[in-house]
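Inspection log for the structure reproduced underneath, given as structure tokens.
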Amino acid sequence: MQHKQYLALALPLTLSTITTPLLGVVDTAVVGQLSDSSYIGGVAIGTIIFNTMYWLFGFLRVSTSGFAAQASTSLNTEEHVMALLRPFVVAFAVGLLFVLIQQPILHYSLSFLGASDAVNASASAYFSIRIWGAPFALANYVILGWLIGMSYIKATLILQISTNVLNIFLCILAVHVWDWGVAGVGASTLIAEIFSCVFGLVLLRKYAGSIWQHPLVQLLKRALDPKPMWQMMKVNRDLFIRTICLLVVFNLFTANGAAFGEDVLAANAILIQIHYMMAYFFDGFANASSIAAGRALGERNEKLFSQSLRLSLQWGIGLGITLALVFLAGKQWIYPLFSNQQHIIDLTSTYANWLVLFPLVASLGLVYYGVFTGMTEVRFVRNSMILAVLLYLAALFLFQPLGNHGLWLAFLLFSLGRSVFLILYVPKLRRLFKQTAAA
């Protein structure tokens, strides 16, 4: 695989994945135009709760993509179908469970995050509506992961863009035309998530047509076969632990930021949303690396595997530098998109330089991650993430006297740790590939 072929995967996937955080970005930006900073904080808290819930099962997208990429090299279409159906069953069941236990989730989340009464009221209004989209949101993870792994890039792009265009349109109508406030933002996101799932199923009808050629009971029986289900859950277990580590970091970040007041919470929320946009740029390239590594494993192609590592390194560094320069040059035009309150914009500017450094230190960890998931060797990802979280916790304690600057410094060290600790496992991954290819 050469640069041109890699970019042919990475660029459309980047356009696709960059729309994923737009659900939270659009929600934050729309309420940021309202008069009270508690609205921004409420949506930020609500978004953190949903990120916590959905990220815990974000492995459904990542592992589905890896297994689908490996299955794509096979002529056995049943394997293509099973790579989709197994995680889909899990996703929808977990989503329904979230709906059933929504009250305990909201209560304990607000208690843990410790925001003001005004922020909690806004967060509750947002959460109580959007929670009904949980089964659809998790099913969307699986649909998206399968389309990516099978290299249906155009379908992925259409699905993501149409969902977020709808969300933007509905959010603007709900807040600025119908004056529904935070509840309107939650309803807009709920409708967008349901639409995405329905449209995704329509796309699956086209690209996974063999699903409909067998009785549903027969397909479900095979999908729930314990041995392959355990193989999938073993990979997902390590990704689940990785996700818990991420949630510890972001929830502690939000809780510590909330302790500094509503204005700091709002400023941090804006910067974190920009951070999500940067991270999803990297995710597009990581998905390209995952497809390349998955194909290499399926074909036992050592040359393709080496190329996936080389391209991940080169484009990871290049993208990191590019994003840092773009944000440094354009940050003064970005903040007003999220808030029209000058004191919030000024406060955001105070902490913005930490975010300039983020893409530089996080780039390799975020792109190399795709190679490991494509190989479905995610225990190394798990181990590197645990080490990075330990570094983060130590930094939080050490830099506590620096206030919110200390909080951002700890986050930056965590991001650096994700890159460094994962890179240390690359030689082991090479050896494992050689052993697999020779078997």
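The values are calculated or read from the model by the stated rules, or taken from the named source; none is laboratory data. Given the structure is predicted, the values throughout are model-derived calculations rather than measurements. Every residue, glycine among them, receives a Cβ derived from its backbone with ideal geometry; neighbour counts consider all protein chains shown. Just the protein is used for accessible areas: all its heavy atoms, side chains included, with ligands, DNA and RNA removed. Shrake-Rupley method; radii C 1.70, N 1.55, O 1.52, S 1.80 Å.
Brief remarks on what is shown
- Breaking point among (1) buried (at least 22 other Cβ atoms within 10 Å of the Cβ); (2) modelled with pLDDT of 90 or more, for GLY370: (2)
- Within the option set ILE321, ILE317, ILE272, being under 18 Å from GLN2 (Cβ atoms), out of contact with any Cys (no Cβ under 6 Å at 6 or more places or on another chain) and hydrophobic (A, V, I, L, M, F, W, C) holds for one residue only, ILE317.
- Close Cβ contacts (under 7 Å, 6 or more residues apart or on different chains) running from residues in the stretch 428-439 that are among the small types (Gly, Ala, Ser) to residues that are in a helix (DSSP H, G or I) comprise ALA437/GLU302.
- Index of the failed condition, LEU110 passing every other in (1) open to solvent by 10 Å² or more (accessible area, probe 1.4 Å); (2) of a type outside the set (Lys, Arg); (3) closer than 25 Å to PHE195 by Cβ; (4) in contact (Cβ under 8 Å) with a residue 40 or more places away in the chain: (3)
- Residue count, the stretch 344-355 (criterion: open to solvent by less than 20 Å² (accessible area, probe 1.4 Å) and either within 18 Å of MET277 (Cβ to Cβ) or modelled with pLDDT of 90 or more (or both)): 3
- Residue pairs whose Cβ atoms lie under 8 Å apart, sitting 6 or more positions apart in sequence or on different chains, and linking a residue in the stretch 330-343 that is open to solvent by 60 Å² or more (accessible area, probe 1.4 Å) to a partner that is hydroxyl-bearing (Ser, Thr, Tyr), are GLN332/SER349.
- Residues of the stretch 383-438 that are of a type in the set (Gly, Ala, Ser) and either surrounded by fewer than 18 Cβ atoms within 10 Å (Cβ to Cβ) or touching a strand residue (DSSP E or B) at 6+ places or on another chain (Cβ under 6 Å) (or both): ALA394, GLY403, GLY406, ALA437, ALA438.
- Qualifying residue in the stretch 10-20 (condition: open to solvent by 30 Å² or more (accessible area, probe 1.4 Å), at pLDDT below 70 and within 30 Å of GLY298 (Cα to Cα)): yes
- Entry remark, the stretch 183-199: residues being open to solvent by 10 Å² or more (accessible area, probe 1.4 Å), in contact with a helix residue (DSSP H, G or I) (Cβ under 7 Å, 6 or more places away or on another chain) and of a type in the set (Val, Ile, Thr) number 2 in total.
- The residues of the stretch 152-165 that are open to solvent by 30 Å² or more (accessible area, probe 1.4 Å) and closer than 28 Å to ALA83 by Cβ, listed by number, are TYR152, LYS154, LEU157, ILE158, ILE161, SER162.
- Flag for LEU393 being farther than 30 Å from MET375 by Cβ, within 25 Å of the chain's Cα centre (by Cα) and part of a helix (DSSP H, G or I): no
- Subset of the stretch 303-343 [polar (S, T, N, Q) and part of a helix (DSSP H, G or I)]: SER306, GLN307, SER308, SER312, GLN314, THR322, GLN332, GLN342
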